[in-house]
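One structure follows; several queries about it will come next.
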Amino acid sequence: MTSPIVRFAPSPTGRIHIGNARVALINYLFASAHHGRFILRFDDTDFARSSEENAAAIEVDLAWLGVTPDAVFRQSERVALYEAAAAKLRAEGRLYPCYETPEELEKRRKMQQARGLPPVYDRAALRLTDDDRARLEAEGRRPHWRFRLEPGVVEWADLIRGPVHIDCAALSDPVLIREDGSFLYTLPSVADDIDMRITHVIRGEDHVTNTAVQLQLFAALAPQAAPPVFAHHNLLIGAGGEGLSKRTGSLSIASLREEGYEAMAVAALATLTGSSDNVHAVRSLAELGAQFDLSHISRNPARFDPDDLETLTHRTLALFSYEDVRERLAALDVVGHKAEPLWRAARGNLARFDDILTWWRVVDGEIDANREDPDFLAQAARLLPAEPWDEATWSAWTGDLKTATGRKGKALFHPLRLALTGADSGPELAALLPLIGRPKAMARLVG
C-alpha cells in the first residue's frame with residue numbers, strides 16, 4: 001500500500017462524542033500503521049450552526065486523545081473550490097435547479113407511498129421550461145440544486161464490509177446546494193477529497209448509501225482519477241442500545257475527560273469495542289495502533305458501556321511508568337525524591353489519576369491517623385526499627401511484632417495500616433513505609 005491520506009471531517013456544531021472520536025481514532029490509527037497522513041477537515045459550511053469555538057474545542061478533545069492532525073482545513077475557507085465544482089456540474093447537465101418547497105416535497109412523497117411507489121424524487125424540475133423557471137422566480141422562489149444520478153448499480157470493494165452494491169434507481173437525486181446558495185455536505189466533501197488526494201474514506205456504516213452518490217460525483221468531477229477506497233465500520237451505540245448524538249451530549253469527550261477517565265482508556269474502548277480484539281489497557285496510541293487492523297472490525301453494532309471505563313481507567317493507570325506521568329504529577333505538585341517510588345507503589349490502586357494526591361498526603365503530608373487499638377500500636381512503636389529504612393523494613397518490623405504479640409493476619413496488619421495511612425486498604429506498606437519515614441510513622445502510631 002502506498003502511504004494513505006485519510007481525513008476526519010466533523011461539523012463544528014457541537015462537541016464531539018465517543019462515536020465521533022471512534023471515527024477519528026480509526027482513521028488516525030490506520031494512517032499511522034501505514035505511515036500515512038491524517039487530515040482534520042472542518043465541515044463548517046452550515047454557517048448558522050458552526051462556530052470557531054466548537055472547532056477549537058474539537059481540536060482540544062482530539063489532542064487529549066493523542067490524535068494530532070498533519071493538516072487542518074476549514075471548508076468555509078474553500079468555497080471557491082466548491083463553486084468551481086458546481087459550475088462544472090451545471091455545464092455538464094448534472095446539476096439542475098428545483099423549486100419545490102419542503103411542504104410540496106413531503107406531500108408528493110406521501111402520495112407516492114400511498115400508491116405503493118418508493119418515495120424517490122420524480123425529477124419534475126427537469127421538465128420545467130425557461131418560462132416556468134422565470135415565473136417561479138418572479139413569485140419569489142429560489143432554487144435548490146440537485147445532482148442528477150446516472151441509472152445503474154454502483155459497486156465498490158469495502159475494506160470492512162466486502163463487496164457492496166447500491167442501485168441508484170432507488171435513490172433520489174441529492175440536493176447539493178440550498179436555496180440560499182450554501183452547500184450541503186456532499187459536494188464540498190468530494191471536491192475536497194479530490195483536491196487533497198484522499199486515498200481512503202473510513203467512516204460509519206450510516207454513510208454506505210451516500211457512497212454510491214459520492215462515487216458518481218467523483219466520476220463526474222475527476223473522471224481520470226481513481227476514487228478513494230471506502231471502509232464503513234459499525235457504529236457505537238449506548239449501553240441501552242440507543243444511538244449517540246452530540247446534540248444531547250451523549251458521552252461527549254469533554255464530559256469523559258471531566259469525569260477523570262484516562263484518555264488511553266477512552267481510546268482503547270472506543271476503538272476495540274465492536275471488534276474481534278479483546279478490550280484491554282494500553283499505554284499509548286502507538287501501542288494501540290500496532291495491534292489495529294480494519295479487518296478485525298465486526299459487522300454488528302458496537303455497544304459502548306461507560307461503566308467499562310472504570311475498570312479500564314484503573315488498568316491503564318497501572319500500566320504507566322513514572323516517565324509516562326512525570327509532567328502530570330508535577331502539575332499536581334507531586335515532585336521530589338518521593339514522587340517516583342510513590343507512583344510505582346500506588347499506581348495499581350488508583351481509580352482516577354488525581355487519587356495519587358491521597359497517597360502523596362500519606363507519605364509527604366498530614367493525615368487523620370486511625371488508632372483503633374492503642375495498646376497494640378504503642379507496642380508497635382516500641383519495636384519500630386531505627387532508620388535507614390527500605391522495603392525490607394516492613395517485613396522485619398511486623399515479624400518482630402508477630403513474635404512479641406502472637407498476632408497474625410488482619411489482627412496484625414490492619415491496625416497498622418489504619419494508623420499509618422488512615423485507610424482500610426491501599427498500596428503495599430512495604431513500599432509506603434520508607435516514604436512515610438520514622439518520625440511520621442511514630443507520630444501516627446502514638447499521637
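Can you find, within segment 393-429, the residue that is nearest to residue 350 (Cα to Cα) among those that are open to solvent by less than 60 Å² (accessible area, probe 1.4 Å) and of a type in the set (S, T, N, Q)?
421
For every residue, the table says whether it meets (1) over 30 Å from residue 140 (Cα atoms); (2) in contact with a strand residue (DSSP E or B) (Cβ under 8 Å, 6 or more places away or on another chain); (3) assigned to a strand (DSSP E or B).
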site: 180; (1), (2), (3): no, no, no
site: 192; (1), (2), (3): yes, yes, no
site: 197; (1), (2), (3): yes, yes, no
site: 203; (1), (2), (3): yes, yes, yes
site: 212; (1), (2), (3): yes, yes, no
site: 219; (1), (2), (3): yes, no, no
site: 226; (1), (2), (3): yes, no, no
site: 239; (1), (2), (3): yes, yes, no
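Sticking with this one: Being open to solvent by 70 Å² or more (accessible area, probe 1.4 Å), at pLDDT 95 or above and either within 22 Å of residue 417 (Cβ to Cβ) or of a type in the set (Asp, Glu) (or both) narrows it down to one of 352, 344, so name that one.
Details: 352 fails: open to solvent by 70 Å² or more (accessible area, probe 1.4 Å).
Within the list 352, 344, the selection yields 344.
Something else: Please pick out the residue among 73, 47 that is over 25 Å from residue 267 (Cα atoms) and among the hydrophobic types (A, V, I, L, M, F, W, C).
Only one candidate qualifies: 47.
Looking at (1) within 25 Å of residue 335 (Cβ to Cβ); (2) surrounded by 16 or more Cβ atoms within 10 Å (Cβ to Cβ); (3) among the acidic types (Asp, Glu), which is the only condition residue 373 fails?
(1)
So which pairs qualify, if the first residue must be in segment 39-65 and farther than 19 Å from residue 178 by Cβ and in contact (Cβ under 8 Å) with a residue 60 or more places away in the chain, the second must be open to solvent by 60 Å² or more (accessible area, probe 1.4 Å) and part of a loop (DSSP other than H, G, I, E, B), the Cβ gap must be under 6 Å, and the two must be at least 6 apart or on different chains?
Sorted first by the residue in segment 39-65, then by its partner, the pairs are 57/15.
Filter segment 291-340 for residues that are modelled with pLDDT under 95 and aromatic (Phe, Trp, Tyr) and give the result.
292, 304
Could you tell me which residue of segment 171-205 is nearest to residue 81 (Cα to Cα), considering only residues that are among the hydrophobic types (A, V, I, L, M, F, W, C) and open to solvent by 50 Å² or more (accessible area, probe 1.4 Å)?
So the first thing to find is which residues in segment 171-205 are among the hydrophobic types (A, V, I, L, M, F, W, C), and the list is 171, 175-177, 183-184, 187, 190-191, 194, 196, 198, 201-202.
Next, from what is left, pick out any that are open to solvent by 50 Å² or more (accessible area, probe 1.4 Å): 184, 194.
Details: 184: 14, 194: 11 Å.
Selected residue: 194.
Please work out which residue is nearest to residue 437 (Cα to Cα), limiting yourself to segment 379-392 and to residues that are of a type in the set (A, V, I, L, M) and open to solvent by 30 Å² or more (accessible area, probe 1.4 Å). Step through it out loud before you land on a result.
Residues of segment 379-392 that are of a type in the set (A, V, I, L, M), as a first pass: 380-381, 383-384, 386, 392.
Right, trim to open to solvent by 30 Å² or more (accessible area, probe 1.4 Å) and you get 383, 386, 392.
On the way: 383: 15, 386: 10, 392: 14 Å.
My answer is 386.
Looking at 285, 217, 235, 221, which one is among the aliphatic types (A, V, I, L, M) and modelled with pLDDT under 95?
Result: 235 is the single residue among 285, 217, 235, 221 that is among the aliphatic types (A, V, I, L, M) and modelled with pLDDT under 95.
The values are calculated or read from the model by the stated rules, or taken from the named source; none is laboratory data. Note that the structure is predicted; figures quoted are calculated from it, not measured. Here Cβ is always computed from backbone atoms with ideal geometry, including for glycine, and neighbour counts include all displayed protein chains. For accessibility, only protein heavy atoms count, side chains too; no ligands or nucleic acids. Shrake-Rupley method; radii C 1.70, N 1.55, O 1.52, S 1.80 Å.
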